[in-house]
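Sending over a structure as structure tokens; questions will come in a sec.
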Amino acid sequence: MHERCVACGLRYEREQGFFVGAIYINYAVTVAVAVGVVLVLDWTVGLTLAQQLAIGVALGALVPRALFGYARSLWLVMNYLVAMAEQRHERECPRR
């Protein structure tokens, strides 16, 4: 990942550990996908326990790698939106 945005110069990683939230997003999506796929396949096809584990472990290993960049981007967007809301609030309600 680049250090800064090419277009606007935004520094992506604000501080050490900034993207820990992205890891949580990635983990939540991975669990939802793996559990959802295993349950749907079990209900429709009728998987054995070994097949369920194999599919769950495979998805648990592959989904985070596929979504890592997207989770980081989503975390940057969430940070940007929160910062903009805070700035708007400070303009509208200055401290006295």
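Helix-derived [θ] at 222 nm for the chain: sum -39500 (n - 2.57) over DSSP H runs of at least 4, divide by residue count, nearest 500?
-26500 deg cm²/dmol
When the accessible area of the chain is computed with all protein chains present and a 1.4 Å probe, what percentage of it is carbon and sulfur?
65
Once phi is turned into ³J(HN,Hα) by the Karplus curve 6.51 cos²θ - 1.76 cosθ + 1.60 with θ = phi - 60°, what whole-Hz value does each residue of the stretch 23-34 show in order, with x for glycine and proline?
With the stated coefficients, the stretch 23-34 comes to 5, 5, 4, 4, 5, 4, 5, 4, 4, 4, 5, 4 Hz.
Quick check for you: with a 1.4 Å probe and neighbouring chains kept, what is the accessible area per residue of the chain, in Å²?
Result: 79 Å² per residue.
Dipole of the chain, Cα-centred, from +1 at each Lys and Arg C-beta and -1 at each Asp and Glu C-beta, to the nearest 20 debye?
360
Still on this structure, please answer the following. Going highest first, how would you order 44-54, 72-82 by mean Cβ packing within 10 Å?
Ranking, from highest mean packing down: 72-82, 44-54.
How large is ³J(HN,Hα), in whole Hz, for each residue of the stretch 70-75 in order, when computed from phi with the Karplus curve 6.51 cos²θ - 1.76 cosθ + 1.60 and θ = phi - 60°, using x for Gly and Pro?
Residue by residue, the stretch 70-75 yields 5, 5, 5, 5, 4, 5 Hz.
Let me ask another. Using all alpha carbons of the chain, what is the percent of pairwise distances in each 5 Å bin, ordered from the shortest bin to the longest?
The calculated distribution, bin by bin, is 2, 12, 15, 15, 12, 11, 10, 8, 6, 5, 2, 1, 0, 0.
For the stretch 45-62, in order, what is each residue's ³J(HN,Hα) by Karplus, 6.51 cos²θ - 1.76 cosθ + 1.60 with θ = phi - 60°, in whole Hz (x at glycine and Pro)?
9, x, 7, 7, 4, 5, 5, 4, 5, 4, 5, x, 5, 4, 5, x, 8, 8
The values are calculated or read from the model by the stated rules, or taken from the named source; none is laboratory data. Just so you know, these numbers come straight off a predicted model, no measurement behind them. For neighbour counting, all protein chains shown are included, and Cβ atoms are generated from backbone atoms with ideal geometry for every residue, glycine included. Please note that ligands, DNA and RNA were not included when accessible areas were found on the heavy atoms of the full protein model with its side chains. Shrake-Rupley method; radii C 1.70, N 1.55, O 1.52, S 1.80 Å.
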